[in-house]
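The values are calculated or read from the model by the stated rules, or taken from the named source; none is laboratory data. Source: prediction; values computed, not measured. When we count neighbours, we look across all protein chains shown, and the Cβ atoms used for this are built from the backbone with ideal geometry, even at glycine. SASA here: full protein model, heavy atoms, side chains in, ligands and nucleic acids out. Shrake-Rupley method; radii C 1.70, N 1.55, O 1.52, S 1.80 Å.
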Amino acid sequence: MNSRLQKVIAQAGLCSRREAETWIDAGRVLVNGQKAHLGQVVDPETDQIVVDGRPLQVKTERIYLILNKPVGYTTSLKDRHAEHLISELVPARFGRVFPVGRLDKETSGLIIMTNDGVLAHHLMHPSYAVPKVYEAWVQGIPRRNHWLRLEKGIQLEDGYAHPQEIKILRTENNNALFRLTLTEGRKREVRRIFEAIGHPVLSLKRIAFGPLSLEGLEEGQFRPLTHREVKALYSMVETARQKNSRNRRDDKSNEITKSRFTARGIKRPGRSTIPTAQSRHSLSHTRGNSGRNHR
């Protein structure tokens with residue numbers, strides 16, 4: 001099957017797609033004896049791909065793991081400044097599996113690890129609106145006006161953050177435990193939401209990602225996803241894809257309808273629309289000026 005070269009290299013487990021692009025650009029990759037170029041389309045079954053002098057071994061087996069990340073681990077496969085990496089928690093026998101999304105060092109909870117780049121892309125893309133559920137202990141107990149702000153959404157420096165669902169589970173020692181659902185997954189979004197209302201997060205844990213939960217999985221532990229769980233992830237992605245496709249068709253249909261209607265007249269500032277296809281004698285006809293009834 002033909003695919004872009006950087007995608008094939010990433011799927012082989014050597015590096016990320018972005019890093020593969022830098023390797024190609026640096027001349028470290030050959031295809032059929034020739035220097036490769038960015039965006040090149042190859043067939044790994046028929047083309048000879050060599051990386052740093054070694055033939056590329058394409059992996060066909062897909063790996064899907066769920067990991068309960070502890071606090072103190074960096075969500076990265078390589079980081080010379082990090083004390084601990086989540087890759088340390090996954091045995092080498094699984095090969096190179098990468099995290100789907102990120103949790104910051106001080107956040108614990110559910111991380112999906114996989115070598116399926118296509119599924120990972122869909123799960124992380126904002127347009128698929130995959131729900132992620134978090135539990136956060138915050139300092140103090142928010143007042144009513146803060147609740148209203150949380151329910152309506154919070155304006156952050158990089159855009160509007162609106163929890164899909166939010167509720168308080170309990171209070172203890174003048175602190176509050178919240179459960180909230182987000183679909184965007186922007187950097188440190190939960191922490192910034194509560195900081196915006198003056199109640200900083202004391203501890204944060206992601207307890208669910210789409211149809212997956214941490215049930216029965218202790219901190220630092222992982223397990224392979226079942227066939228049913230992988231199927232549920234793909235089903236969720238396909239449902240979102242179909243919804244996005246319908247929305248695009250509806251938007252396109254609305255644009256076409258609007259353009260057809262606008263073409264019936266010329267809009268002039270401060271004046272009503274004057275039909276272009278009718279004679280002067282029909283300008284006062286009620287049916288000739290009824291376009292606004294269709295808006």
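Assorted remarks:
- Once the C-beta distance of Glu19 and Leu156 is scaled by a Förster radius of 30 Å, the resulting FRET efficiency is 0.50 to the nearest 0.05.
- Positive minus negative residues near Pro211 (Lys, Arg vs Asp, Glu; Cβ under 11 Å): +1
- Karplus (6.51, -1.76, 1.60) ³J(HN,Hα), θ = phi - 60°, over the range 38-49, in Hz, Gly and Pro reported as x: 4, x, 5, 9, 9, 10, x, 7, 10, 8, 8, 10
- Kirkwood Rh and Cα Rg combined as Rg/Rh, the range 93-221: 0.98
- Entries of Lys167/Lys231; Lys105/Lys205; Lys132/Lys205; Lys187/Lys243; Lys69/Lys105; Lys132/Lys167 with Cα pairs more than 19 Å apart: Lys167/Lys231; Lys187/Lys243
- Table column - 3J(HN,Hα) (Hz), the range 241-246, Karplus curve with 6.51, -1.76, 1.60, x for Gly and Pro: 5, 5, 5, 4, 5, 5
- Area accessible to solvent at Met236, 1.4 Å probe radius, in Å²: 50
- Residues whose amide H lies under 5 Å from that of Leu85, counting only those 5 or more places away or on a different chain, are Thr74; hydrogens are built 1.01 Å from N in the peptide plane.
- For the range 127-249, the relative contact order comes to 33 percent (Cα pairs under 8 Å, sequence separation of at least 6).
- Descending Cα extents along the principal axes, the range 16-130, whole Å: 47, 33, 25
- All-pairs Cα distance distribution in the range 47-99, expressed in whole percent, bin size 5 Å: 4, 16, 22, 18, 16, 13, 8, 3, 1
- Diagonalising the gyration tensor over the Cα atoms of the range 153-254 and scaling each eigenvalue by 5 before taking the square root yields semi-axes of 29, 24, 11 Å, largest first.
- Couplings 3J(HN,Hα) for the range 155-172, derived from phi with the Karplus relation 6.51 cos²θ - 1.76 cosθ + 1.60 (θ = phi - 60°), are 7, 9, 5, 10, x, 8, 10, 10, x, 5, 8, 8, 8, 9, 8, 6, 10, 7 Hz, where x marks Gly and Pro.
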